[in-house]
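Quick notes on the structure that follows.
The values are calculated or read from the model by the stated rules, or taken from the named source; none is laboratory data. This one's a predicted model, so the numbers in the text were calculated from it and none came from an experiment. Every residue, glycine among them, receives a Cβ derived from its backbone with ideal geometry; neighbour counts consider all protein chains shown.
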């Protein structure tokens, strides 16, 4: 499985349920990597999307405790274990964990690859991603050339276990 996330200089990923910033070039690379794949997220991540609509041209799996929650085009699961069962129906290389913070923490030990967009900026945040640079099992295997988009500089780091 894969992790995909944008982090700031302190591995922060969001505040008040929102992304750190809108960075079109980063959103484009996210779309390129996840199109036609399976994306796994928590309910709050789904609710952060425009009009609370699932990501198009992807299988959207959402983890929530609320069994009455319904959004068309989404597969809902109600526990981490149920999510693992649902994910097992797909090739592991096609599964992308896309947030939020608790979901990343739960799935990080099970993932073998991570695409981390490191933004050269420190934001005010309330949610963090595990710092893979501090985990000996994770190694950087590729760094894409830095880009500037919407006033922010970022580079995409590919990590593998």
Problem - Every residue from segment 77-92 that is part of a loop (DSSP other than H, G, I, E, B), in contact (Cβ under 8 Å) with a residue 12 or more places away in the chain and closer than 21 Å to residue 114 by Cβ - result: 90
Completion exercise
Scanning segment 22-45 residue by residue, those over 24 Å from residue 64 (Cβ atoms), part of a loop (DSSP other than H, G, I, E, B) and in contact with a strand residue (DSSP E or B) (Cβ under 6 Å, 6 or more places away or on another chain) turn out to be 23
Problem - Residues satisfying the stated conditions in segment 55-70, i.e. closer than 20 Å to residue 30 by Cβ and in contact with a strand residue (DSSP E or B) (Cβ under 9 Å, 6 or more places away or on another chain) - result: 55, 58, 59, 60, 61, 62, 63
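Residue-wise test of (1) touching a residue at least 12 places away in the same chain (Cβ under 8 Å); (2) closer than 18 Å to residue 34 by Cα.
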site: 56; (1), (2): no, yes
site: 64; (1), (2): yes, no
site: 99; (1), (2): yes, yes
site: 112; (1), (2): yes, yes
site: 117; (1), (2): yes, yes
site: 128; (1), (2): yes, no
site: 157; (1), (2): yes, yes
Handout entry: Within segment 15-27, considering residues that are surrounded by 17 or more Cβ atoms within 10 Å (Cβ to Cβ) and modelled with pLDDT of 95 or more, the one nearest to residue 144 (Cα to Cα)
Key = 26
Exercise for the section: Would you mind telling me which numbered condition in (1) more than 15 Å from residue 33 (Cα to Cα); (2) in contact with a strand residue (DSSP E or B) (Cβ under 8 Å, 6 or more places away or on another chain) residue 94 fails? Expected result: (1)
